[in-house]
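A quick write-up on the structure given underneath.
The values are calculated or read from the model by the stated rules, or taken from the named source; none is laboratory data. Since the structure is predicted, the reported quantities are computational estimates derived from the model, not experimental observations. With ideal geometry, Cβ positions are generated from the backbone for all residues, glycine too; neighbour counts draw on all protein chains shown.
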Amino acid sequence: MARRKPIFFNGDYGFRIERTIRDQDGAVVDIADATTKNLVMWKPDGTTVVTKGMSFLTDGTDGVLYYDMEASTITTVGEWTMQVDVVKNTSDSQFRTQKEKFEVREKIA
């Protein structure tokens, strides 16, 4: 079942984005030796990329990464796209999650 598109409001921060890295067969990937762990976000205009470093939830062997949204990151209203990008050191393997959409709406007050 497809995930519902998350909705945030411009200027929101403090919420957590958590993703599990899986291979093409759906198996969890041990990313403990990852040298790059980024959350990549494209603003609604599609031209500006915001890249934020992610952290391991545990030690990386479970494939889980998270990013706690910082203030002033999602200030543009519209439909954003995000993707997690991981590069492993030992095998020079690169893993990317599927691109996901999320919406940023104008705050009322």
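Taking the condition surrounded by 14 or more Cβ atoms within 10 Å (Cβ to Cβ) and either part of a loop (DSSP other than H, G, I, E, B) or touching a helix residue (DSSP H, G or I) at 6+ places or on another chain (Cβ under 8 Å) (or both), does ALA71 pass? Here the answer is no, as ALA71 does not meet what is asked. Can you find even one residue in segment 45-64 that is of a type in the set (Gly, Ala, Ser) and either closer than 18 Å to ILE7 by Cβ or modelled with pLDDT under 95 (or both)? Yes, segment 45-64 has at least one match. The residues on offer are LYS52, LYS37, and the sole one that is surrounded by 13 or more Cβ atoms within 10 Å (Cβ to Cβ) and farther than 16 Å from GLN94 by Cβ is LYS52.
With respect to (1) of a type in the set (D, E, K, R); (2) closer than 14 Å to THR81 by Cα; (3) in contact (Cβ under 8 Å) with a residue 24 or more places away in the chain, the lone exception for GLU18 is condition (2). Here the condition is being part of a strand (DSSP E or B) and more than 18 Å from ASP12 (Cα to Cα); of VAL40, VAL87, VAL50, it holds for VAL87 alone.
A single entry from ASP30, ASP59 fulfils the requirement of being assigned to a loop (DSSP other than H, G, I, E, B), acidic (Asp, Glu) and surrounded by 13 or more Cβ atoms within 10 Å (Cβ to Cβ): ASP30.
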